[in-house]
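So the structure is just underneath, and the comments pick up after that.
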Amino acid sequence: MKKLFVVLAAMVMTLSASAFDFDGINLNASVNKISSAIAKRGYVYDDKSDAFTGLCRGTQIYMSMNWKDVKEAGKLGQLIVDVPMKEENAFAVVSKMLNVIYHVAEGHKANVYSVDEDGTTLEIHKSAKGVRLVYNTPYYKK
């Protein structure tokens with residue numbers, strides 16, 4: 001449990017540093033710049049999971065992007081981060097931590113957080129392998 005908390009705390013600190021900067025990757029940049037930054041950070045494409053995989057602050061993650069549902073071509077609509085966790089209470093622990101750091105986005109249900117003044121939100125979901133974080137940028141076409 002202690003290990004889970006430390007890993008989550010490190011990830012949240014990384015994520016809260018800037019809503020558009022995930023592990024040193026500027027999510028407001030163009031498709032080409034984001035792709036280049038992903039490669040420079042050491043993330044590699046994994047055919048099996050259909051996502052980029054690599055270490056974020058020492059934790060193995062799987063990252064995928066939604067480039068299609070956007071209001072502006074060439075921009076990122078969503079960043080989806082899957083964090084494998086075996087602990088049964090992982091979702092509850094992550095949700096509790098995010099409730100302390102962020103406010104629930106206005107007009108949204110629980111587990112959707114406002115992470116930037118421009119309207120960027122963070123959704124947290126349970127997944128079969130752990131926890132999924134979905135960042136909806138201002139470019140996301142809902």
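The values are calculated or read from the model by the stated rules, or taken from the named source; none is laboratory data. All values reported here derive from a predicted model rather than from experimental measurement. Methodologically, a virtual Cβ is constructed for each residue, glycine included, from the backbone with ideal geometry; neighbour enumeration extends over all protein chains shown. Quick note on the areas: whole protein, heavy atoms, side chains included, nothing else; ligands and nucleic acids left out. Shrake-Rupley method; radii C 1.70, N 1.55, O 1.52, S 1.80 Å.
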Within the chain, which DSSP H helices have Cα atoms that stretch 20 Å or more along the helix axis and a mean Kyte-Doolittle hydropathy of at least 0.5? 2-16
Convert each backbone phi in region 50-62 into a coupling constant with the Karplus relation 6.51 cos²θ - 1.76 cosθ + 1.60 (shift: θ = phi - 60°), then list the ³J(HN,Hα) values in order as whole Hz, x for Gly and Pro. 6, 8, 7, 10, x, 9, 10, 6, x, 10, 5, 10, 10
If each K or R counts +1 and each D or E counts -1, the residues other than K75 whose Cβ falls under 13 Å of its Cβ total +1
State in Å² the accessible area per residue of the chain; use a 1.4 Å probe, count heavy atoms of protein chains only, and round to the nearest integer. 59 Å²
Which far-off residues, 5 or more places away or on another chain, put their amide H under 5 Å from the one on S127, with H placed in the peptide plane? R132
Between L55 and K109, the FRET efficiency computed from the C-beta separation at R0 = 25 Å comes out, to the nearest 0.05, as 0.20
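Quick one, can you get me the convex hull of the C-alpha atoms of the chain expressed as volume per residue in Å³?
Details: hull volume 15.4 nm³, N = 142.
About 108 Å³ per residue, rounded to a whole number.
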Which far-off residues, 5 or more places away or on another chain, put their amide H under 5 Å from the one on M85, with H placed in the peptide plane? G130, V131
Test of understanding: extend the Cα→C-beta vector of N26 to 7 Å, then name every residue of region 76-109 with backbone N under 15 Å from that spot. 76
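Too long at a 26 Å Cα-Cα cut-off: which of K86/K142; K40/K68; K75/K142?
Numbers: K86/K142 31 Å; K40/K68 23 Å; K75/K142 14 Å.
K86/K142, as the Cα separations exceed 26 Å there.
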Quick one: what are the phi-derived ³J(HN,Hα) couplings along region 103-117, Karplus 6.51/-1.76/1.60 with θ = phi - 60°, whole Hz, x for glycine and proline? 9, 4, 4, 4, x, 10, 7, 4, 6, 10, 10, 7, 10, 7, 5
So if each residue of separation counts as 0.36 nm, and I subtract the Cα-Cα distance between E87 and H125, what length gain in nm does that give? 12.2 nm
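Could you sort 107-116, 71-80 so that the peptide with the highest average Cβ count within 10 Å comes first and the rest follow in order?
On the way: 107-116: 14.6, 71-80: 16.8.
By packing density, highest mean first, the sequence is 71-80, 107-116.
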The long-range amide H neighbours of A51, using H built 1.01 Å from N in the peptide plane and a cut-off of under 5 Å, are D46
